[in-house]
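K.L.:
The structure follows.
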Amino acid sequence: MSAEQDHFDETADVVVVGSGGAALTAAYTAASSGLSTIVLEKTQYFGGTSAYSGASIWLPGNQALKRAGLADSVELGRAYFTAVVGDRTPAELQDAFLSTGPELVEFLEKDPALEFQYIPFPDYFEAPGRFDGGRSITPAPLPSAELG
């Protein structure tokens, strides 16, 4: 480390560790709420696992799925999730994930630059609530000229 690198004088209301999809969503949410925000990434690459996973998200009952004509709901997603995951994670955590997914997509799409699109990719396992075309949504591509 150089002498300049070992002294930091920036402060922020929120420090987000990592630059994957969840981390950047947290940073975006904080910044759009007026909080000064810093994102720290330990590698030289930006995007975490989301950068090579195609940024796909599985969130039942959201508005991007509805726009694509899927008759999905949080309840159908919950049936599938419960059948596949069971009680391996706390029920409260599962409920928080499932019930706030549509709210998250709605919040993010309020920004005119952000939009999600349905990309058919099957739910992995035969189980109640499964969709053959899946529930995956991805961010719509942004023109590189808009990114700066």
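K.L.:
Residues in segment 124-141: is at least one under 26 Å from Ala26 (Cβ atoms), surrounded by fewer than 16 Cβ atoms within 10 Å (Cβ to Cβ) and of a type outside the set (Ser, Thr, Tyr)?
P.N.:
Within segment 124-141, the subset under 26 Å from Ala26 (Cβ atoms) is 134-141.
Then keep just the ones that are surrounded by fewer than 16 Cβ atoms within 10 Å (Cβ to Cβ); that gives 140-141.
Within this subset, residues satisfying the condition of being of a type outside the set (Ser, Thr, Tyr) are 140-141.
Looking through segment 124-141, at least one residue is under 26 Å from Ala26 (Cβ atoms), surrounded by fewer than 16 Cβ atoms within 10 Å (Cβ to Cβ) and of a type outside the set (Ser, Thr, Tyr).
K.L.:
Further question: State all residues of segment 34-58 that are modelled with pLDDT of 95 or more and polar (S, T, N, Q); if no residue qualifies, say none.
P.N.:
Answer for segment 34-58, where residues must be modelled with pLDDT of 95 or more and polar (S, T, N, Q): Ser36, Thr37.
K.L.:
Only one of Thr100, Thr89 is β-branched (Val, Ile, Thr), assigned to a helix (DSSP H, G or I) and farther than 16 Å from Ala140 by Cα. Can you tell me which?
P.N.:
Details: Thr89 fails: assigned to a helix (DSSP H, G or I).
Of the residues listed, the single one that is β-branched (Val, Ile, Thr), assigned to a helix (DSSP H, G or I) and farther than 16 Å from Ala140 by Cα is Thr100.
Residues are listed down the side, and each one gets a yes or a no for (1) at pLDDT 95 or above; (2) out of contact with any Cys (no Cβ under 7 Å at 6 or more places or on another chain); (3) closer than 28 Å to Thr82 by Cβ; (4) polar (S, T, N, Q):
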| residue | (1), (2), (3), (4) |
| --- | --- |
| Glu103 | yes, yes, yes, no |
| Asp111 | no, yes, no, no |
| Tyr124 | no, yes, yes, no |
| Ala140 | no, yes, no, no |
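K.L.:
State all residues of segment 62-94 that are closer than 23 Å to Ala26 by Cα, free of Cβ contacts under 8 Å to residues at least 60 places away in the same chain and either surrounded by 13 or more Cβ atoms within 10 Å (Cβ to Cβ) or basic (Lys, Arg) (or both); if no residue qualifies, say none. Spell out how you get there, then give the answer.
P.N.:
Our first condition is that a residue be closer than 23 Å to Ala26 by Cα; within segment 62-94, this holds for 62-65, 74, 89-94.
Narrowing the set further to residues that are free of Cβ contacts under 8 Å to residues at least 60 places away in the same chain leaves 63, 74, 89-94.
Those that are closer than 23 Å to Ala26 by Cα, free of Cβ contacts under 8 Å to residues at least 60 places away in the same chain and either surrounded by 13 or more Cβ atoms within 10 Å (Cβ to Cβ) or basic (Lys, Arg) (or both): Gln63, Val74, Gln94.
K.L.:
Check segment 140-147 and report whether any residue there is in contact with a helix residue (DSSP H, G or I) (Cβ under 8 Å, 6 or more places away or on another chain) and within 23 Å of Ala22 (Cβ to Cβ).
P.N.:
Scanning segment 140-147, I find no residue that is in contact with a helix residue (DSSP H, G or I) (Cβ under 8 Å, 6 or more places away or on another chain) and within 23 Å of Ala22 (Cβ to Cβ), so the answer is no.
K.L.:
Here is a follow-up. Any idea how many residues of segment 111-123 are assigned to a loop (DSSP other than H, G, I, E, B) and surrounded by 14 or more Cβ atoms within 10 Å (Cβ to Cβ)?
P.N.:
The number of residues fulfilling the criteria is 5.
K.L.:
Considering segment 19-66 alone, what residues qualify as being more than 30 Å from Phe8 (Cβ to Cβ) and not in a loop (DSSP other than H, G, I, E, B)?
P.N.:
Once the filter is applied, which keeps residues that are more than 30 Å from Phe8 (Cβ to Cβ) and not in a loop (DSSP other than H, G, I, E, B), segment 19-66 yields Ser53, Ile57, Trp58, Gln63, Ala64, Leu65, Lys66.
K.L.:
Turning to a different aspect of this structure: Does any residue in segment 10-26 that is within 15 Å of Pro139 (Cα to Cα) come within less than 6 Å, Cβ to Cβ, of a residue that is in a helix (DSSP H, G or I) six or more places away or on a different chain, and which pairs are these?
P.N.:
Sorted first by the residue in segment 10-26, then by its partner, the pairs are Gly20/Ser50; Gly21/Ser50.
The values are calculated or read from the model by the stated rules, or taken from the named source; none is laboratory data. Since the model is a prediction, treat every value here as computed from it, not as a measurement. Because the Cβ atoms are built from the backbone with ideal geometry, glycine has one as well, and the counts that use them run over all protein chains shown.
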